[in-house]
Amino acid sequence: MAEKDGKSTDEQKEQDQQKERVHPADSGLVDLMKHLEVAEPPKQVLSSVDLEGIVQFIKDKKATNIITMAGAGISTSAGIPDFRSPETGLYHNLEKYDLPTPQAIFTLDYFKENPEPFCMLARELWPGTFKPTPCHYFIKLLDEHGLLRRHYTQNIDTLESVAGIDADKMVEAHGSFRLGHCLQCNAEYTQDWMKGKILGEELEIPKCEKEGCEGFVKPDIVFFGERLPSRFSTCASEDFKACDLLIIMGTSLTVQPFASLTSRVFDETPRLYINLEKTGTEATNAFAMMLFGGGFKFDDEDNYRDVFMESTCDDGCYKLADMLGWGDKLREKVKQEHRRIDNENKSNSTSAKQKK
């Protein structure tokens, strides 16, 4: 048998083949890289990469499956604090609860040990105390125009529901006060039952009333380390494939997995970000980095779809509404709905006094 550098031809052939082989674990990455090498750059679908381009895109009926994503910033004008703002943020004002860390108030282990601080905070922030903001009503207008695919919110204040947005149009990613469950036996309790305990004349820690159980009842709000509601992943898996315009408002995009939703739309889908600070320019995860080269590209020369509006959420929504020709309708809706809520609150207050 012929030799080559002291090796048989068959041995040399085997070594050459091994060099060409790709480990199965690496094959997916190789396929992806090959795809990226030959893929054409994304097409710009906006007439201009600015607010005017976004508005024209909507007017031209090219955006009929709009997804909105919202954080605490859409509710601050209602009087509900966000989490991280200096001086006014929720975390800045938790000293009175004597917590080991500000975040402890939203951790399951600490709640099981000492539920009182969270219940005291819930007493201050309980849904029904606040009125929806112009931003909430703008989202409702999108729905009324048949343009809203889904609204994803990090907020637990339920102001979207108060604004009239249907439950099937919403994903409350971090849960809400609608229901509560015993942490020991998983018995379910209604919002009214929990409200009676937490908002009574004196705070009463909600405890399970099932025979033989003494577990604490926690509202179905997602604490740190808990899984998000199954509806989040179920809806997201379909919604973002259909999304033709993504509008993000009032969130710093620091909490996962919510923040990663911005990378789940197709690479040609326009993205509008209304916020006081320009964040989200870094990739939300490694896979997004491979596919899209990072986060938002607001200031990049090759930006073809990302628009940033430095504004409060309310001002940004009013400006959008004005440019779309909906401004008067939005202002009238805010006025009428706030008047209706005030009248309902007065009526409820009068009824409560008469019962006493």
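Things to note:
- For the stretch 226-240, the count of residues that are among the basic types (Lys, Arg), at pLDDT below 90 and either open to solvent by 10 Å² or more (accessible area, probe 1.4 Å) or over 25 Å from residue 133 (Cα atoms) (or both) is nonzero.
- Among all positions in the stretch 206-225, there is at least one residue which is among the β-branched types (Val, Ile, Thr) and within 25 Å of residue 151 (Cα to Cα).
- Residue match in the stretch 214-233 (condition: in contact (Cβ under 8 Å) with a residue 12 or more places away in the chain, in contact with a strand residue (DSSP E or B) (Cβ under 6 Å, 6 or more places away or on another chain) and small (Gly, Ala, Ser)): yes
- A count restricted to the stretch 179-218 and to residues that are open to solvent by less than 90 Å² (accessible area, probe 1.4 Å), part of a loop (DSSP other than H, G, I, E, B) and either among the aromatic types (Phe, Trp, Tyr) or more than 21 Å from residue 114 (Cβ to Cβ) (or both) stands at 2.
- Failed condition for residue 175, given (1) open to solvent by less than 10 Å² (accessible area, probe 1.4 Å); (2) of a type outside the set (Lys, Arg); (3) modelled with pLDDT of 95 or more: (3)
- Scanning the stretch 69-97 for residues that are in contact with a helix residue (DSSP H, G or I) (Cβ under 8 Å, 6 or more places away or on another chain), assigned to a loop (DSSP other than H, G, I, E, B), modelled with pLDDT of 65 or more and open to solvent by 40 Å² or more (accessible area, probe 1.4 Å) yields a single hit, 81.
- Residue list for the stretch 135-163, restricted to those being open to solvent by less than 30 Å² (accessible area, probe 1.4 Å) and more than 18 Å from the chain's Cα centre (by Cα): 141, 147
- Scope the stretch 308-321; condition closer than 12 Å to residue 249 by Cα and touching a helix residue (DSSP H, G or I) at 6+ places or on another chain (Cβ under 6 Å); matching residues: 309, 313, 314, 317
- Top-ranked residue in the stretch 265-286 [being crowded, with 16+ Cβ neighbours inside 10 Å and more than 27 Å from residue 319 (Cα to Cα); ranked as modelled with the lowest pLDDT]: 284
- Within the stretch 237-260, residues that are within 13 Å of residue 275 (Cβ to Cβ) reach partners that are β-branched (Val, Ile, Thr) and part of a strand (DSSP E or B) with beta carbons closer than 6 Å, at six or more positions or on different chains, in the pairs 247/68; 249/274.
- The listed residues are 131, 112, and the only one of them that is open to solvent by 40 Å² or more (accessible area, probe 1.4 Å), more than 23 Å from residue 253 (Cβ to Cβ), in contact with a helix residue (DSSP H, G or I) (Cβ under 6 Å, 6 or more places away or on another chain) and not hydroxyl-bearing (Ser, Thr, Tyr) turns out to be 131.
- Taking first residues from the stretch 308-333 that are in contact (Cβ under 8 Å) with a residue 60 or more places away in the chain and partners that are buried (at least 16 other Cβ atoms within 10 Å of the Cβ) and among the basic types (Lys, Arg), the Cβ contacts under 9 Å between residues at least 6 apart in sequence or on separate chains come to 309/319; 333/140.
The values are calculated or read from the model by the stated rules, or taken from the named source; none is laboratory data. For clarity, every value in this text was computed on a predicted model and none was experimentally measured. All Cβ positions, even for glycine, are placed from backbone atoms using ideal geometry, and neighbour counts span all protein chains on display. The area values use the complete protein model at the heavy-atom level, side chains included, leaving out ligands, DNA and RNA. Shrake-Rupley method; radii C 1.70, N 1.55, O 1.52, S 1.80 Å.
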